[in-house]
Amino acid sequence: MDTPSSDQDQTPAEEPKATTADPAKRKRLLLIFAIVLAVIAICYFLYDTLVLSKRVSTDNAYVAAETAQVMPLVSGQVIEVAVGDTQNVKRGDVLMRLDDSDQQIAVAQAEADLAGAERRYGQTAATGDALQAQVDARSAEIGTARAQLLVAQGNLERAQTDYRRRQALVAAGAVSGDEVTAATNALRTARANIVVAQAGIAQATATRASALEDRAANTALTHGTTQATAPEVLTARAKLRQAKLDLSRTVVRAPIDGIISQRNVQIGQRLAPGTAAMAIVPVDKLYVNANYKEGQLQHVRIGQHATLTSDLHGGDVVYHGRVVGLAGGTGASSALIPAQNATGNWIKVVQRLPVRIALDSKELRDHPLRVGLSMNAEIDISDAR
């Protein structure tokens, strides 16, 4: 009976020791937990100050490119389409061909026009030599007419002398009436010949002046030019070059390297100039439009470096880029119907501004992207100035 009672007496003595130990243990645990929280807070503060504050990131970013639209510059029927969607092409590769029958005829016509222009220039130059010969001939005619005038003047003087002599002998009856009449007629004829000679000189002078004008007009057509530099020849040659250019444009070639997309042309279709036939996406010259919140752009500058990851390749593939520009307006300002904030129920909405980030072409070749894919962009603003 003594033993059990002693055991019962010892149990109440041990309970206070356990009660005293539990608060001390809890206090140590709370202290450790507080220290851990403090360390975590300090680490986060340091990380935010030294790392996060030097970077701005967004997942509202998408791949874009300066897509090349392929469209014919001449009209014609499509007779061949050499490529299809998703096909890789190099600059200069043939994409499609148009029927060139009309352009072939235009080239032949332009060649004929050029030959005609060169021939007309040669005829004009030859005509100039002929007109010069006519001027020389008219000058000779003037000399002949003047000589005839001198002869007529001599004949007039002789006729006047003979007439006066006959008149002086009429009173003495030394000459007959027929001789006087003949002398009178000779005098009249000599005077008429003077008028004819003078008219001949005037006509020859006028003819020579006309020939000079014709020669001057012809010279104006060829002065300072050769057959190669004559305006009509240059015009015909330009038309020939245009015809040949139109002929070459019936073969549509790739303007850049890239991948064919949006092909909407078929064989037999007739295309007008400027009709969009297909597009080429330059997959090695892609960029990213990262839409940052306006509060993140305070320290973003052109030239800053950026790191990007894509949903396509995952976080293991990191792209390195550089900020090349900030858009001139937010997406909302460029909307077809911009938001009107003049009403009384206006609520401020944080706006986003597109930031263009150029990507490294080598990284794009190693890990290709496509237009429209989502990206995660992070810009290093530690060098903001």
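The values are calculated or read from the model by the stated rules, or taken from the named source; none is laboratory data. Owing to the predicted nature of the structure, the values given are computational and were not obtained by experimental measurement. So basically every Cβ, Gly included, is an ideal-geometry build from the backbone, and we count neighbours across all protein chains shown. With ligands, DNA and RNA removed, areas are computed over all heavy atoms of the protein, side chains included. Shrake-Rupley method; radii C 1.70, N 1.55, O 1.52, S 1.80 Å.
Rounded to the nearest 20 debye, the dipole size of region 232-385 about its Cα centre is 840 debye, using +1 on the Cβ of Lys and Arg and -1 on the Cβ of Asp and Glu.
For region 171-291, the alpha carbon positions stretch 136, 34, 29 Å along the principal axes, listed from largest to smallest.
When region 53-185 is described by a simple charge dipole with +1 on each Lys and Arg Cβ and -1 on each Asp and Glu Cβ, the residue from Ala112, Leu131, Leu73 located farthest towards its positive end is Leu131.
Here the Debye sum runs over all C-alpha atoms of region 56-151 as equal scatterers in vacuum, and log10 of I(q)/I(0) at q = 0.10, 0.16, 0.18, 0.26 Å⁻¹ comes out as -0.66, -0.93, -1.01, -1.28.
Residues considered: Leu150, Leu364, Leu169. Largest GNM mean-square fluctuation over the chain, using C-alpha springs under 10 Å, is found at Leu169.
Taking Cα centre as origin and charging only the Cβ of basic (Lys, Arg, +1) and acidic (Asp, Glu, -1) residues, the dipole magnitude of the chain rounds to 2000 debye. Here is the result for region 234-274: no trypsin sites (Lys or Arg not before Pro) lie in DSSP coil with at most 15 other C-beta atoms within 10 angstrom of their C-beta. Name the residue, out of Val323, Val251, Val36, whose mean-square fluctuation peaks in a Gaussian network model built on the chain with Cα pairs under 10 Å. Top of the fluctuation ranking is Val36. Each Cα pair under 8 Å and six or more residues apart adds its separation to the average, and for the chain the resulting relative contact order is 30 percent. Annotation for Arg270 and His320: the two label points, set 7 Å from Cα along the Cα-Cβ direction, are 5.7 nm apart. For the chain, the share of accessible area belonging to carbon and sulfur comes to 55 percent (1.4 Å probe, ligands and nucleic acids excluded).
Here the contact order of region 145-248, divided by its residue count and restricted to Cα pairs under 8 Å and six or more residues apart, works out to 31 percent. For the cross-link pairs Lys90/Lys244; Lys239/Lys285; Lys54/Lys348, the ones whose C-alpha atoms lie over 29 Å apart are Lys239/Lys285. Comparing mean-square fluctuations of Asn289, Asn155, Asn88 from a GNM of the chain with C-alpha springs under 10 Å, the top value falls on Asn155. What region 77-212 shows is 61 Å² of accessible area per residue, with the surface traced by a 1.4 Å probe over protein heavy atoms. Note that the chain shows a convex hull volume over its alpha carbon atoms of 401 Å³ per residue.
Can you list, largest first and rounded to whole Å, the semi-axes you get for region 71-112 by taking the square root of 5 times each eigenvalue of its Cα gyration tensor? Intermediate results must be reported in sequence, preceding the final value.
Details: eigenvalues 149, 24, 11 Å².
Semi-axes (√(5λ), whole Å): 27, 11, 8.
With respect to the chain, whose longest principal axis is taken over its alpha-carbon atoms, helix 231-248 is tilted by about 30°. Using the Cα gyration tensor of region 125-221, with a ≥ b ≥ c the square roots of its eigenvalues, what is the shape: rounded (a/c below 1.5), prolate (a/b larger than b/c) or oblate (neither)? Note, shape of region 125-221 comes out prolate.
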